[in-house]
Amino acid sequence: MLLSGGAVGDPWKFYVGNPTNWHTPVRDGSANTRSPKNVQVDFVEDAIGYNVIEAKWRAGSTGQILWQSKRKLDLEPLATEGGALSLVLRVDEAPSDKVTLRMDCGYPCAGSFKLGQILSAVPEKQWFHLAIPLSCFADAGTKLFKVDSPLVVITNGSMGLSLADVRLVTNAPESSTINCST
């Protein structure tokens, strides 16, 4: 589990970043990138009472949110079982520019997907489930035997996302699982 009930799971650490500092730790329930202040995250209680992360990007500079561990994890066994990166999220503000979702295996090792089209297609302010098969990340370049950042979301544009749950799972619902070529 990377995120559930407003808590970041062990061994993961949650960061915001931009070219000034790619790894600003999120502590005490909020963080902001420095100069420029283009990414802001806050742990909040939503209208239904769930603890979630609200992340807001401002256009003008590359900004990211990410979960990272000092320990590299071997996700190959999970991928063999049909594993996926599973997210429960809400688009609060549609992206104004392309959005990349990445899984890193020690910079510059990574596999990435364009996520902006999906985020622009879903209705704003509605929770939905999205699952990306680990095999898709492997096909895109992630070396699954040494993953240190299972979720990195990057954009140069403005955007607002809320995240309620992020995990690595087996048997993600087929209705929420994207095709690798999406």
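The values are calculated or read from the model by the stated rules, or taken from the named source; none is laboratory data. Please read these numbers as outputs of a predicted model, since none were measured by experiment. Backbone-built Cβ (ideal geometry, glycine too); neighbour counts: all protein chains shown. Just the protein is used for accessible areas: all its heavy atoms, side chains included, with ligands, DNA and RNA removed. Shrake-Rupley method; radii C 1.70, N 1.55, O 1.52, S 1.80 Å.
Quick notes on this structure:
- Conditions (1) outside any loop (DSSP other than H, G, I, E, B); (2) buried (at least 19 other Cβ atoms within 10 Å of the Cβ): number failed by PRO95: (1)
- Counting only residues that are open to solvent by less than 20 Å² (accessible area, probe 1.4 Å), of a type in the set (A, V, I, L, M) and farther than 13 Å from MET159 by Cβ, the range 98-129 holds 1 of them.
- If only residues of the range 1-24 that are touching a strand residue (DSSP E or B) at 6+ places or on another chain (Cβ under 6 Å) and closer than 12 Å to GLN64 by Cα are counted, the one that is surrounded by the fewest Cβ atoms within 10 Å (Cβ to Cβ) is HIS23.
- Options GLY49, GLY82: the member that is surrounded by fewer than 14 Cβ atoms within 10 Å (Cβ to Cβ) and either aromatic (Phe, Trp, Tyr) or over 23 Å from TYR107 (Cα atoms) (or both): GLY49
- Number of residues in the range 144-158 that are surrounded by fewer than 21 Cβ atoms within 10 Å (Cβ to Cβ) and closer than 17 Å to CYS180 by Cβ equals 0.
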